[in-house]
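Data first, discussion second: the structure below is written as structure tokens.
No value in this document is a laboratory result; all are computed from the given coordinates. All figures in this text were calculated on a predicted structure; none of them were measured in a lab. So basically every Cβ, Gly included, is an ideal-geometry build from the backbone, and we count neighbours across all protein chains shown.
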Amino acid sequence: MARFEDHLGRPVVAVTGIGVVTSLGKGKAENWAALTAGKSGIHPITRFPVDHLSTRIAGMVDFLPSSSKGASALTYELAETAAIEAIEESGLSRDDFGGPLFLASPPVELDWHDRLALYKGGANPDTSQRLLEVARAQNSLEMFDTSQFGFIADRLADRFGTTGLPITLSTACASGATAIQLGVEAIRRGECDRALAIGADGSATAEALIRFNLLSALSTSNEVPEKASKPFSKDRDGFVLAEGSAALVLEPLETALARGATILGILRGCGEKADDFHRTRSKPDGSPAIAAVKAALADAGLSEDEIDYINAHGTSTPENDKMEHLSLSTVFGERIARIPISSNKSMIGHTLSAAGAIEAAFSLMTMREGVIPPTINYDNPDPAIPLDVVPNVKREANLRTVLSNSFGFGGQNTCLVMAREPV
Amino acid sequence: MLLDAAGLPQNDLLAVSGASGAHAATAAERAALDARPNIAPRAFATLTGHLKEAQFPFTVALAALAVANKAPYPAFDAGNEKPFEEIPDQVLATTVGYHRFEGVALVRAA
């Protein structure tokens, strides 16, 4: 008989549905087959011209109908596709979900299709006047909506029948984990019997690429794209921009079991800690990341000895991987060298706003399947950060618990602790 | 629907409205408030402009100030807002976005 309340007397939160889309494919089956085969989804960019750009590769999702229609349309389709898979698996209603929606999605801007259409839409030779005239005459609600941060969640709320005001959030690279945290906390507060948490990011635009490049954050290993993302390697040279989505259906364990749902895993704990050191650099002593891991363990009611596997943030930037090793060594001590830790980003790249959700989905599948997806491209280990990264080849393992890290560029750190079975 | 869900009192009720002035949304809010003759709205955006993300927190703060000070606001627009002279022990705060989303909060004396 499972316990329905956790160590703090709160409802235990179960996962009853998972959906995922990445550059590796649509749905859990395609993704899991590729992940465990050590296959990379990183490929040359074809969506926009890359002449004179120092990075010309990405993990874009190029196979959906909206892939060429701009960041807003693609982010919506990614979120919708993952949510359909998750809700169907949960057995709940697809058009009357009946719980709140928490969506992690990227900041959006007017797409170039629309900017150029405005630019070319009139005859006035005075460009700024022409843009104003065309925009006023067109007065397009459809175009306006694509530039609104809350629009995607609004559409999803109507599509799936979620309740209350749909929450759109952005905590940078921690966003997907934050969406899950908000869902968990809503259930723990007793506000709802189910929550839909989604991370979706279809914003691998030219601007995003150039901005991250200007921060020296991206890999420029363009020649062999599938080898570019190499977390924890000595020759790692940056992350690979990517797209994707994941959705989780969360329910109190008691309610889920009462309706006969299959329990895919337990969301045991969430922890977060802001890093105030610098706009893009992490605090040299790693204290914010350390505090986030400790907070998640405390929230889960687990000691550091009870974590069987770590799903790393593992971006493949020189800074992150060093900092992640430092933080984890501080929390886990000498045992860190023996805990398997792998980075899904070695295969899918960094899906930014979606990463925390996608990696939580993969963490749950890792425990359920008893197979750890590898860190691929681990050909030149960095001797300064000795870790068991499950190099290059998947590994069978009996895993009861996972820690999944999301350490955001702008200082937002969120960690999730998940378990295979209820206690 | 929101007003039904808020569990509003039956007696006369002061409301601080964050209405933006956007034609369709503000007309809809006004119709909903007008359908309840016990509500006396006070819409402040003509005085402040629309504060976007801060609009609703500011609205709730104004409602709380009225409750804390035991004093109603005068009509901001006497042509459109009816008088309210009682000591408000509860004040409704409303926000209807200029394009999407809406919410209300009822602030009560502790």
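Beyond 18 Å in Cα-Cα separation lie the following of the pairs A:K230/A:K294; A:K39/A:K230; A:K39/A:K322; A:K69/A:K345; A:K273/B:K52: A:K230/A:K294; A:K39/A:K322; A:K69/A:K345; A:K273/B:K52. Simple rule: put +1 on each Lys or Arg Cβ and -1 on each Asp or Glu Cβ in segment B:42-101, find the dipole, and look at B:F101, B:F58, B:F76; the Cα lying farthest toward the positive end is B:F101. The mean sequence separation of alpha-carbon pairs under 8 Å and at least six residues apart, normalised by the residue count of chain A, gives a relative contact order of 24 percent.
Compared with the dominant principal axis of the Cα atoms in chain B, helix B:55-68 is inclined by about 10°. What is the Cα centroid distance between segment A:388-423 and segment A:143-214, reported in whole angstrom? The distance from the Cα centre of segment A:388-423 to that of segment A:143-214 comes to 22 Å.
The convex hull defined by the C-alpha atoms of segment A:1-130 has an orientation-averaged projected area of 14.5 nm².
When Cβ neighbours within 10 Å are restricted to other protein chains, what is their mean count per residue of peptide B:95-106?
2
As a rough guide to protection, the peptides A:117-129, B:66-78 ranked by mean Cβ packing within 10 Å, highest first, stand as B:66-78, A:117-129. Sorting the segments B:89-97, A:4-12 by their mean number of nearby beta carbons within 10 angstrom, highest to lowest, gives B:89-97, A:4-12.
The tail of the calculated P(r) for chain B beyond 18 Å holds 42 percent of all Cα-Cα pairs. Computed across segment A:351-408, the Kirkwood hydrodynamic radius from all distinct Cα-Cα pairs reaches 12.7 Å.
Any idea what % of Cα-Cα pairs in the protein assembly as shown are farther than 39 Å? Roughly 32 percent, rounded to a whole number. Taken as Cα centroids, segment B:55-110 and segment A:289-366 sit 47 Å apart, rounded to the nearest whole angstrom. Remark: segment B:42-101 projects, on average over all directions, an area of 4.4 nm² (convex hull of Cα atoms).
Can you compute the helix-only [θ] at 222 nm over chain B? Use -39500 (n - 2.57) per DSSP H run of at least 4 residues, normalise by all residues, nearest 500 deg cm²/dmol. Computed mean residue ellipticity for chain B: -8500 deg cm²/dmol. Close amide H contacts of B:L14 (hydrogens built in the peptide plane, cut-off under 5 Å, sequence separation of 5 or more or a different chain): B:A40, B:L92.
Shielding by partners for peptide A:165-171, expressed as the average number of C-beta atoms from other protein chains within 10 Å of each residue's C-beta, is 1.
Ratio of alpha-carbon Rg to the 2.2 N^0.38 Å globular estimate for segment A:28-83, to two decimals, please. Don't skip to the answer; put the middle values down first.
Working: Rg = 13.3 Å, N = 56, 2.2 N^0.38 = 10.2 Å.
Normalised Rg, Cα atoms only: 1.31.
Entry note, chain A: the mean residue ellipticity at 222 nm calculated from DSSP H runs of n ≥ 4, each adding -39500 (n - 2.57), is -10000 deg cm²/dmol after division by the residues and rounding to the nearest 500. Of the Cα atoms belonging to segment A:131-176, the radius of gyration and Dmax stand at 14.5, 40 Å.
Shown here is the pair-distance distribution of segment A:281-408: with all Cα-Cα distances grouped in 5 Å bins from zero up to the longest one, the shares run 2, 11, 23, 26, 24, 13, 3, 0 percent.
Inter-chain neighbour count for A:327-334: the average number of beta-carbon atoms from partner chains within 10 Å of each residue's beta-carbon is 0.
Taking B:L62, B:L51, B:L14 in turn, the Gaussian network model of chain B (Cα-Cα springs below 10 Å) assigns the largest fluctuation to B:L51. Sorted on the mean count of surrounding Cβ atoms within 10 Å across their residues, most packed first, peptides A:294-300, A:17-23, A:252-258 read A:17-23, A:294-300, A:252-258.
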